[in-house]
Amino acid sequence: MVFMKNNDQEQTLDNSEEISLRELILKLIGWWHYLLSNWKIIFVAGIIGGVIGYTHAYFKKPIYKAELSFALQDEKSGGGLSSALGLASQFGIDLGGGSAGGEFSGDNLLELMKSRSMIEKAMLTPVSINGKTETLAELYITFNKLREGWKNKPELKNMHFLPDADRSKFTLKQDSILGVFHNLLITNNLTVDKLDKKLSIISLKVSTTNELFSKYFIEELTKVVSDFYVETKTEKSIKNVSILQRQTDSVRRALNSAISGVAESIDVNPNANPSRQTLHVPSQRRQVDVQANTIILGELVKNLEIAKMSLLQETPLIQVIDRPILPLEDERAGKLKGIIIGGLFGASLISIMLFLRKNFKNIMSGKN
């Protein structure tokens, strides 16, 4: 009896599933016939959507995309240079060649290129456009027609970002506007990413409605970041080279002076009496200075050359592979594409509205 009860339950479940599936199919067929009965309305909505899509594609400004890729320089030291740097460090001489600036390497460099300070420097860089020199910030304001909206705002009406302006003297409003530009650029226009996670090649893409801005901005941003990157990483090495160069020049002057002193001492007593040793003391002192300065100069010259090799190894940090070339690729919305997308959207929208209206009527009339 228990088995018979279980069989009856299974049969009841199968019948329920069969009824539910049949009801779903019948509802789908009913909806299809309902939409077919309103094909004229759907067709007109599709035509209207297609017209709107065509109009949008016709009047929409083209988007110009500039792409630039670069590779980070390999920082692995050669065997000879590493040995020389290690030998120098044993004597307490720091000639650089370390990992200074490593905090900006790898993925951190991606964030550096999107930082406000780097983008601001790029935006305030003057460029020549049609014989007129202006900053990229002014060009950005012009092609986005921002001044038209600033006419009724006295604090913005006469705001300008002139070439070679002193950044430290900018007003709070200018700082605020530059901050807005930064947010808009990194949100809507700038993309920074690695071409491959395993490679050190980084790609920048800038898409705006102004062809020249896209090209100049991506080039200036790369240059600003590159200069900052090089300056940060090589700052210590440059100081070491400068110090060693001054020391080398100083010792070389002292050596030349000592050599001249020996000659002058001999000229004073060209035929000095051998029995009077005091006459030879000045020249002997000068000769000791010559020998000492010669040894010191030799060591300084070696250390200076090692420091220069270390500095040369660290620069340049960024090697551009591909840069944008005019005319840039423009992403125009095709008119045919606009018609198709607009037509499908219009037809789909009116179909959903008809479906909702039918369900609403069924609910109000008490039908399932």
Inset, instruction - Go through the residues of the stretch 142-152 one by one and say whether even a single one is under 18 Å from residue 224 (Cβ atoms), surrounded by 13 or more Cβ atoms within 10 Å (Cβ to Cβ) and not hydrophobic (A, V, I, L, M, F, W, C). - result: no
Inset, instruction - Answer yes or no as to whether residue 259 is of a type in the set (A, V, I, L, M, F, W, C), at pLDDT 60 or above and farther than 29 Å from residue 310 by Cα. - result: yes
Legend entry - Residue check, residue 178 touching a helix residue (DSSP H, G or I) at 6+ places or on another chain (Cβ under 7 Å), farther than 18 Å from residue 209 by Cα, at pLDDT 90 or above and in a helix (DSSP H, G or I): yes
Legend entry - Among residues of the stretch 143-157, those that are in a loop (DSSP other than H, G, I, E, B) and either more than 28 Å from residue 211 (Cβ to Cβ) or in contact with a His (Cβ under 8 Å, 6 or more places away or on another chain) (or both), counted: 2
Legend entry - The lone exception for residue 333 - which of (1) aliphatic (A, V, I, L, M); (2) surrounded by 14 or more Cβ atoms within 10 Å (Cβ to Cβ); (3) at pLDDT below 80; (4) over 30 Å from residue 212 (Cα atoms) it fails: (4)
Inset, instruction - Could you list, in sequence order, all residues of the stretch 107-134 that are farther than 25 Å from residue 202 by Cβ and of a type in the set (Ser, Thr, Tyr)? - result: 128, 133
Inset, instruction - Consider residue 303 carefully, then state whether it is in the same structural domain as residue 113 (by TED's automatic domain parsing) and either out of contact with any strand residue (DSSP E or B) (no Cβ under 9 Å at 6 or more places or on another chain) or at pLDDT 80 or above (or both). - result: yes
Legend entry - Checklist (1) modelled with pLDDT under 80; (2) aromatic (Phe, Trp, Tyr); (3) assigned by TED's automatic domain parsing to the domain that holds residue 136 applied to residue 54, failing item: (3)
Legend entry - Unique residue being closer than 30 Å to residue 65 by Cα, at pLDDT 85 or above and hydrophobic (A, V, I, L, M, F, W, C) when the list is 296, 340, 321: 321
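The values are calculated or read from the model by the stated rules, or taken from the named source; none is laboratory data. All values derive from a computational prediction rather than experimental measurement. Don't worry about glycine lacking a Cβ; one is built from the backbone with ideal geometry, like all the others, and counts go over all protein chains shown.
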